[in-house]
1. What's the exposure ranking of THR85, THR333, going from fewest to most Cβ atoms within 10 Å?
2. I'd like the GluC sites (Glu not before Pro) in region 387-466 restricted to DSSP loop residues with at most 13 other Cβ atoms within 10 Å, sorted by number.
3. Between rounded, prolate and oblate, where does region 343-473 land on the alpha carbon gyration tensor, with a ≥ b ≥ c its root eigenvalues, rounded for a/c under 1.5, else prolate if a/b exceeds b/c?
4. Using bins 10 angstrom wide from zero, how does P(r) for the chain break down, in % of all Cα pairs?
5. Diagonalise the Cα gyration tensor of region 1-144 and give the resulting equivalent ellipsoid semi-axes, square root of 5 times each eigenvalue, largest first, whole Å.
6. Per 10 Å bin from zero, what fraction in whole % of the C-alpha pairs of region 37-119 is there, up to the bin with the longest pair?
7. Got the relative contact order for the chain handy, in percent, Cα pairs under 8 Å and 6 or more residues apart?
8. Tell me, what does the Kirkwood hydrodynamic radius of region 396-473 come to in angstroms if you use every pair of distinct C-alpha atoms?
Amino acid sequence: MMTLQQASAQLSKKEISAKELIRSYLDRIAAENRDVGAFLTLCHEKALQKAEEIDSRRMKGENLHPLAGIPMAVKDNFCTEGIPTTCASKMLRDFVPPYTATAVKRLEDAGAVMLGKLNLDEFAMGATGEYSAYYPAVNPHDLNRMAGGSSSGSAAAVAADHALLTLGSDTGGSVRLPASFCGVVGMKPTYGRVSRFGMIAFSSSLDTVGIVTPTVWDNAMALSVLAGEDPLDATCSREPVPAYCADLSSSVAGLRIGIPEEFFTSDLSPAVQKALSSVIEGYRSLGARLVPLSLPVMEDSLSVYHILSSAEASSNLARFDGVRFGARGVGSTPEEISRSTKERYFGSEVQARTQSGAAYLTSEHYQTYFQGALEKQRFIKSAFASAFGRVDLILGPTSTCEPPLIGGFSRSEKRSFDRFTVPASLAGLPSVSIPCKTEGVLPIGFQLVAPAFREELLFRAGCAYEREVTSHA
Ligand code: GLN
C-alpha cells in the first residue's frame, strides 16, 4: 500500500497522473465499499474533473503543493457545498450545505482531490461505527470486526486504501480509537489548532478536527495545511504554525517520555500489553528517557466527558427541531413537532445523550453535575500540566484491546472504549494514535500526548518509531 508521501513523489515526478491515481481509488471504492462501508457519498465526476485540472496545471510547469492530486475524503459531519452532509443521521438525510468547511477548503485549495463523504456514528456520538443510521463502516482487516468510532469511515477508508488522507472529528477519541483499530495514524490536534468552521458541532468545548493518514509524515503534511487562524472561527487559535515536516528526521535521544502507571491497567489484553512493551523498548533503544509517573486522570475522565459532552450536545442539537433545521416530524404545536421530529429522526444513542445532557443543565442538577464536572476537568488539566513539568511526551495505549467483533456490547461498555483517549480531550491537548508493530493480524495502536501546540513533538517521536519499525522489518 502506498503512503501519501510516496504518491506525492510519484505525482510530482509525473510517474503517474492525478487522473490515473484518482481513477484507481474510485475503482477500488466501487468494488469494495459494499463490504467496508466507509463511504456514504461519492463525488465521482467532480473528483475526476479536479484530477484533470491538477494534471494540466502540472503539465504547464506550475509548482504544485505536495497534496495536489492526493485522494482525500472527509467525515460526513463537515459541510461541503452542494454535496449532501448527513452526519450519518436520518435527521439530515436531505441536507445539502451552501458552504464548505474551512478544513475541507484548505485541503482542496492545496490541490487534494475529494473523493466523497465518510461514514460515522450518528452526529459523531459513538465508539464503534455501529450507530450510523445508514450502514456501519467495518474494519478492513477483518470485516466482522468494528472499525471503531465515531470516525469509522475516516479510519476504514485509509486502512482499506480507499483514500490517502481523511478528515475526522475527535471530541473524546473519535479519530484515535478507530485509527488504533484500523492500523492507521490518527491525530487530534490541540483544541483550537484547526478551524472548525463548517464542522457540525457535537460538543463545542471539546470538538477538534482530526487527521487520518497511512503514516506520521503524511499526517504532519496535512496539519501544515490545516492549522492556523481562521476569521470564520473565533475559537481558532492565532498561535503561529510551525513547519511540521521540517524536523521529522531528528533523533529522539534525550526526549523524556512519561509512562503513567494509571494507563497500564490489568485489563489491557495480553496482545496490547506485549505491543506496548515493545514500543517502550523501541523508544528506549532510540535513546529516549522513559520516566514512570502518576497521572491521576483515569478515575473521573469518562464521567466528566459524558456530562460535559452530552450537556453541550443537548444544546447544539436543539436546533434540529423540525422547524429551524432538519427533517420534519408531525404535530399541531411547535412542541409536538419538535418531539416527533427528534423521536423519528434521531437514533437511540443521540436521543439518550441529548436527553441526559438536558437533564444535567436543569437548575436541579446543574450545580452537582455540570459544575462538578467542570471542577474535575480543571483537576485533570492540572494533572497533565504537572506531568508536563517533568516530561516532554506521555505514552500509553489507545485502547485496551484489538478491534472487537461487531455486536455484543452494551451501551455503557461501548462508552468505556474511550477510557484512554478522553483525558487528553478534556485537557485540550494534542494526541496521536500510531500503529504498533505486532505479530498478529489485528492492529493495535499506541497513543502519545504532547503539551498544547506541541504537535511537532508527536510527529518527531512518531516518525522515529516508524523508522525504527521499518529498519527492523
Ligand atoms: N466515542 C466517544 C463518544 O462516544 C467520542 C466521540 C467523539 O470523539 N466524537 O462520545
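1. THR333, THR85
2. When the GluC sites (Glu not before Pro) of region 387-466 are filtered for loop state and at most 13 Cβ neighbours within 10 Å, GLU439 remain.
3. oblate
4. 4, 22, 33, 27, 12, 3, 0
5. The equivalent ellipsoid of region 1-144 has semi-axes of 28, 18, 12 Å.
6. 19, 48, 25, 7, 1
7. Relative contact order of the chain: 17 percent.
8. The Cα-based Kirkwood calculation yields 14.1 Å.
Rule-based calculations on the coordinates, nothing more; no lab input. Model, not experiment: these values are computed from the prediction. Don't worry about glycine lacking a Cβ; one is built from the backbone with ideal geometry, like all the others, and counts go over all protein chains shown.
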